[in-house]
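Reviewing the structure listed below.
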Amino acid sequence: MKNTIHIAALALAVTGLAACSGNKPEASVRDYASYVNPMIGTGGHGHTFPGAVTPHGMIQPSPDTRIDGWDACSGYYIADTLINGFSHTHVSGTGCADYGDVLIMPTVGDRQIDNQVDTLQNLPYASAFSHDNETAEPDYYSVKLNRYGILAESTASDRVALHRFTFPDDMQQGQAGMIIDMDYSIQRQRNITMDIHAISDTEIAGYKMTKYWAFDQGIYFYAKFSSPFNIEFVSDTVTNTKGEPYERCKALLSFPEIKAGEQLLAKVAVSAVDEQGARGNVEAEMPGFNFDGTRTQARAKWNDWLARIDVPDSENSDDLTTFYTALYHTAIAPNLFTDADGRYLGMDRQPRQGSADKPIYTIFSTWDTFRALHPLLTIIDPELNDAFMNSLLLKAREGGILPMWELASNYTGTMIGYHTAAMLADAVAKGQNSFDPKEALDAAVRAAEYNPEGITAPPAVVACLMPQAKYYKNLQGWIPSDKDHESVAKALEYAYDDWAIARLAEAVGDTALQARYDAYGKAYRHYFDPATRFMRGKMSDGSWREPFNPRSSNHRNDDYCEGTAWQWTWFVPHDVDGLVELMGGREAFAGKLDSLFNASSELEGELVSADISGLIGQYAHGNEPSHHVIHLYNYVGQPWKTQELVGRIFREQYHNDPDGLSGNEDCGQMSAWLILNAMGIYQVAPGNPVYSLGRPLFSHMTVNLPGGKTLDIEATGLSDTNTYVKSVSLNGKRLTSPFISHKDIIDGGKLLFEMTDKACDTFSNTEK
């Protein structure tokens with residue numbers, strides 16, 4: 001039914017400058033944000049969104065163009081031609097969808113909400129649009145809504161979205177409207193509870209609880225408008241085209257004072273705690289409706305973030321855009337989760353009082369980001385990375401275990417491994433931890449040893465957090481393929497994570513625990529088949545699982561996770577020398593590695609994982625398990641091959657266009673890979689503070705390090721033909737191995753690559 005409330009119009013003074021954090025950049029400061037193209041990743045399977053945000057901000061206002069399917073994960077897809085509206089929460093580059101909360105859509109005239117067909121991607125009130133009339137920048141998004149003739153613009157502070165809607169010149173007074181849709185969500189999540197209510201004739205608020213990827217995701221919102229409204233509430237149950245009941249919760253607003261050509265502004269904030277938290281976020285950050293001022297401050301925050309690495313504008317323009325867009329993508333997630341009053345929602349699902357000065361964060365895609373995002377942060381913002389580590393430890397205290405993929409204070413149980421252990425170990429190894437290493441060790445051990453008790457999560461999620469694989473790996477040394485799926489991938493990741501736990505034990509002086517977990521770290525050896533030289537599934541009786549096909553994939557239901565034996569055989573980042581030994585020595589290892597890149601890219605299987613993408617042979621750059629592999633040539637004395645492949649991936653896998661990512665962006669991991677390799681470095685095994693050397697993307701860049709230090713990275717003679725590295729020197733001293741320590745990097749100075757057109761053993765100066 002429709003409940004109508006008519007609220008008397010009140011005069012509103014539109015005053016005040018948006019009080020968001022950050023400083024307005026001086027005119028002389030370089031506008032790094034101008035190089036960013038938020039449309040990169042909105043095509044293909046990048047799964048990014050183009051809306052205006054701030055670095056690691058709580059709120060992500062962005063247009064939604066589709067509801068269902070894999071490419072709806074962020075709500076926006078470049079091939080679409082209709083916009084459903086603008087929701088305020090989005091995940092960046094994930095392979096699963098969630099969020100899409102609090103959708104608003106400005107309208108003119110009748111507000112069509114009926115006759116929704118649940119098999120369609122678009123809502124009854126959706127509007128056509130053209131990319132020709134669309135602008136996306138880090139701090140700003142705008143689009144012309146053809147159906148209504150409205151120019152929709154948005155910007156944001158850390159916790160508040162600010163919209164500006166300009167109504168058409170031919171609109172009659174009284175026709176300006178707005179739909180606020182609470183029952184909408186990306187991929188039609190199950191709505192448990194919904195509420196929306198008016199506070200005044202300019203304010204509206206509501207609450208929603210959904211069950212989907214996150215089993216218990218609740219969100220409050222508060223919105224304030226620059227002009228008074230009348231309102232109709234829609235709260236009823238309809239039957240969808242499948243014959244299923246569907247509960248609706250919407251508000252239909254009309255703005256009687258808005259005339260043709262005039263603007264309506266709307267401030268929208270969210271909170272996981274309560275309505276007052278959302279309202280307090282608006283009051284703290286945006287007391288007025290100063291759109292341009294808010295945008296200026298958001299722009300300043302982005303320029304501050306992007307200025308961490310300075311690349312001269314004399315470099316190739318597309319490369320600059322690709323690079324700075326990647327750096328932008330590394331600051332979308334994790335997201336701020338503490339309200340302006342210091343409160344947040346704990347992993348125990350209880351509101352907790354924290355500090356706005358020391359906020360906690362959410363959206364930890366640890367399976368992805370331990371590989372490159374967090375190592376990058378240890379260079380360009382170790383203080384922020386430390387805050388992330390403290391957030392993860394806090395979540396362990398509140399919820400009973402370290403997260404493996406956390407969303408809105410929910411354990412999702414998604415993916416495998418317990419890579420938070422490696423992230424904590426890396427921070428400790430680099431001396432960048434304000435947290436207690438002993439607490440980190442205890443939490444990591446808790447995650448590594450089978451114990452499903454005391455975890456605050458639904459039973460189905462607990463089973464994912466504590467799979468039987470953990471029981472078997474410590475009981476008998478290997479995970480039987482007939483006892484748990486993805487056994488090989490789990491075992492290889494557990495071995496690496498256990499090695500990382502040994503590093504934490506070493507740091508606190510627990511020699512017995514160190515020895516125990518170092519032994520667990522060797523468990524990868526159980527899965528190496530010397531006959532095929534692949535990592536293979538092993539049955540309970542110790543026999544190899546048959547049949548075996550190294551290019552076969554059955555997504556999430558075979559011995560591997562989002563990959564094949566070809567990709568997973570190489571996941572021994574903590575003990576490359578041990579893997580080299582298993583392969584038969586350096587030459588045999590290099591030959592096997594060559595075959596990875598030279599093999600046919602054909603995949604086989606019952607349900608080939610869509611995540612296996614960005615293929616060079618059987619190397620899959622579009623998914624994370626492959627990301628360290630090209631650097632393995634450095635371990636066997638063939639650095640020129642690492643250099644070749646780095647350059648090839650630069651050119652083939654990253655582009656300045658919507659289809660410019662070869663796979664899911666995955667909360668910054670895909671982009672962080674590019675940033676580190678563009679610097680000429682990559683950390684193969686986080687927890688070991690050593691980087692493998694490749695080749696830079698640019699002739700020159702300056703990394704602005706904490707404490708006022710800088711690292712100048714120069715590639716003399718770099719060109720389309722000079723793509724190999726002849727020599728590398730650090731502060732004038734020639735390097736004799738293809739590795740450099742973290743300390744060398746953060747101490748600053750000059751890292752010089754001398755480029756040549758001939759493949760050579762860079763560190764012996766022998767041509768190949």
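Coordinate-derived values only; no laboratory data. Here the structure is a predicted model, which is why all the values come from computation and not from measurement. For neighbour counting, all protein chains shown are included, and Cβ atoms are generated from backbone atoms with ideal geometry for every residue, glycine included.
Here is how the numbers come out for the structure above:
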| item | result |
| --- | --- |
| Anchor K733: lysines whose Cα lies under 20 Å away (excluding residues fewer than 8 positions away in-chain) | K709, K743, K750 |
| Shape call, the stretch 564-702: gyration tensor on alpha carbons, a/c limit 1.5 | oblate |
| Entries of K470/K490; K395/K430; K395/K490; K438/K490 with Cα pairs more than 18 Å apart | K395/K430; K395/K490; K438/K490 |
| Anchor K259: lysines whose Cα lies under 27 Å away (excluding residues fewer than 8 positions away in-chain) | K2, K144, K224, K250, K267 |
| Sum of side-chain charges, N688 neighbourhood, beta-carbon under 15 Å (Lys, Arg +1; Asp, Glu -1) | -4 |
| Set of aspartates and glutamates near K641 by C-alpha distance (under 12 Å), chain-local residues within fewer than 8 positions excluded | D594, D761 |
| Alpha carbon centroid spacing (whole Å) that separates the stretch 594-632 from the stretch 328-364 | 36 |
| Cβ-based exposure ranking for L424, L513, L402, in which fewest neighbours within 10 Å come first | L513, L402, L424 |
| Helical segments meeting 27 Å axial Cα length and Kyte-Doolittle -0.5 threshold in the chain (DSSP H) | 487-508 |
| Environment charge at N549 (Cβ cut-off 12 Å; Lys +1, Arg +1, Asp -1, Glu -1) | -3 |
| Fewest-first sequence of D498, D319, D357 by Cβ atoms within 10 Å of each Cβ | D357, D319, D498 |
| Per-residue HN-Hα couplings for the stretch 758-768 [Karplus 6.51, -1.76, 1.60; θ = phi - 60°; Hz; x = Gly/Pro] | 10, 5, 8, 6, 3, 9, 10, 6, 10, 5, 10 |
| [x] 36; [y] 44; [z] 40, with the label sought being that of the calculated percent of Cα pairs over 39 Å apart | [x] |
| Rounded, prolate or oblate (a/c below 1.5 giving rounded, otherwise prolate when a/b exceeds b/c) for the stretch 386-478 by Cα gyration tensor | oblate |
| Potential extension, F548-T135 segment - 0.36 nm per residue separation minus Cα distance | 143.7 nm |
| Mean Cβ count within 10 Å, highest first, over the residues of peptides 258-271, 602-615 | 258-271, 602-615 |
| Relative packing of peptides 93-106, 686-699 - highest average C-beta neighbours within 10 Å first | 93-106, 686-699 |
| HN-Hα J in Hz across the stretch 724-733 - Karplus 6.51, -1.76, 1.60, θ = phi - 60°, x for Gly and Pro | 9, 9, 7, 7, 10, 9, 10, 6, x, 9 |
| F49 long-range amide H proximity, modeled H, under 5 Å | G93 |
| Ranked list, fewest to most other Cβ atoms within 10 Å of each Cβ, for Y619, Y411 | Y619, Y411 |
| Three-way shape call for the stretch 215-373 based on the alpha-carbon gyration tensor, with the a/c threshold at 1.5 | prolate |
| Cβ-based net charge around T119, under 15 Å, with every Lys or Arg adding one and every Asp or Glu removing one | 0 |
| Spin-label model distance (nm) - T532 vs N731, 7 Å beyond Cα toward Cβ | 5.0 |
| Packing-based order for 527-535, 360-368, using average beta carbon neighbours within 10 Å, highest first | 360-368, 527-535 |
| Euclidean distance between Cα centres, the stretch 33-58 to the stretch 173-221, Å | 24 |
| Cut-off under 5 Å, modelled amide H: who pairs with L705 long-range | T710, L711 |
| Over the chain: helical MRE at 222 nm, DSSP H runs n ≥ 4 each giving -39500 (n - 2.57), nearest 500 | -7500 deg cm²/dmol |
